[in-house]
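Accompanying notes for the structure given below.
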Amino acid sequence: MKLEHKKIAILATDGFEKSELFEPLNALRNEGAEVHIISVKEGEIKSWDNDNWGKSITVDKLVDDANESDYNSLVLPGGVANPDLMRTHGNALEFIRAFFKSGKPVAAICHAPWLLISANVIENRKVTSYHSIKDDVINAGANWVNKEVVVDEGLVTSRDPKDLPAFIDKIIEETREGKHQGQEANA
């Protein structure tokens, strides 16, 4: 089953890990989903690729103008700078919280669980992340596990770019399934 008639938001800003945005974006579009790049800044945002700035992508909508009710799921790419910058924006955190409150799937990879911590939606959840933020995740009250992909009631997490195939498969699966009551209960 394809993802036709599904709309997916990817929330990112400058410094997103190139592969962690472009690979899910392309896979989701290939499945028939309409995917929007949502950001805290207009115009284009730049990726981080290995040790330097990489490919840019055009922002479709500012997070200030985005509404969770328009989307079926949310993808949060990592990179170090991207989630660190994004977590200081209240509207970005509220956008993330709204997906949890409505029970919709949320997928976060690498350093993106920092956003889940700042949005106060990670406590008592089973997750994984990039190894360097493991302590942050645990200190926020989550159950951290070292696996390529972890799914907890619609919350999908992965560790790093090498986990992208499993991460993308689970985003597609969870988006097809739709809302999860357990996601709402933990919001």
Of (1) out of contact with any Cys (no Cβ under 6 Å at 6 or more places or on another chain); (2) among the small types (Gly, Ala, Ser); (3) in contact (Cβ under 8 Å) with a residue 60 or more places away in the chain, residue 78 satisfies all except one. Which?
(1)
Could you check residue 70 against (1) surrounded by fewer than 19 Cβ atoms within 10 Å (Cβ to Cβ); (2) in contact (Cβ under 8 Å) with a residue 40 or more places away in the chain; (3) in contact with a helix residue (DSSP H, G or I) (Cβ under 7 Å, 6 or more places away or on another chain) and say which number it fails?
(3)
Which residue, of 115, 74, 85, is closer than 28 Å to residue 43 by Cβ, outside any helix (DSSP H, G or I) and hydrophobic (A, V, I, L, M, F, W, C)?
74
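What tally of residues in the stretch 157-169 results from selecting those that are under 17 Å from residue 7 (Cα atoms) and either buried (at least 22 other Cβ atoms within 10 Å of the Cβ) or among the small types (Gly, Ala, Ser) (or both)? Talk me through it step by step, then tell me what you get.
Filtering the stretch 157-169 for residues under 17 Å from residue 7 (Cα atoms) gives 168-169.
Checking which are either buried (at least 22 other Cβ atoms within 10 Å of the Cβ) or among the small types (Gly, Ala, Ser) (or both) leaves us with 168.
The number of residues fulfilling the criteria is 1.
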Consider the stretch 30-53. How many of its residues are closer than 13 Å to residue 15 by Cβ, crowded, with 17+ Cβ neighbours inside 10 Å and not basic (Lys, Arg)?
5
Does at least one position in the stretch 92-100 carry a residue that is loosely packed, with under 14 Cβ neighbours inside 10 Å, of a type outside the set (D, E, K, R) and either in contact with a Leu (Cβ under 9 Å, 6 or more places away or on another chain) or in a helix (DSSP H, G or I) (or both)?
no
I'd like to verify a number: residues in the stretch 128-154 that are touching a strand residue (DSSP E or B) at 6+ places or on another chain (Cβ under 7 Å) and under 13 Å from residue 117 (Cα atoms), how many?
8
Conditions first: (1) among the acidic types (Asp, Glu); (2) closer than 25 Å to residue 153 by Cα; (3) outside any helix (DSSP H, G or I). Residue 14 passes all but one, so which condition is the exception?
(2)
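Residue-by-condition table, conditions (1) of a type in the set (Ser, Thr, Tyr); (2) touching a strand residue (DSSP E or B) at 6+ places or on another chain (Cβ under 7 Å); (3) farther than 17 Å from residue 134 by Cα:
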| position | (1), (2), (3) |
| --- | --- |
| 80 | no, no, no |
| 94 | no, no, yes |
| 105 | no, yes, yes |
| 109 | no, yes, no |
If you go through the stretch 15-32 one residue at a time, do you hit one that is within 18 Å of residue 99 (Cα to Cα) and in contact with an Asp or Glu (Cβ under 7 Å, 6 or more places away or on another chain)?
no
Sole exception among (1) surrounded by 15 or more Cβ atoms within 10 Å (Cβ to Cβ); (2) part of a helix (DSSP H, G or I) for residue 138, by number
(1)
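Values quoted throughout were computed directly from the atomic coordinates according to the rules given, and no laboratory measurement underlies them. Please read all numbers here as calculations on a predicted model, not as lab measurements. We place every Cβ from the backbone using ideal geometry, glycine too, and count neighbours over all the protein chains shown.
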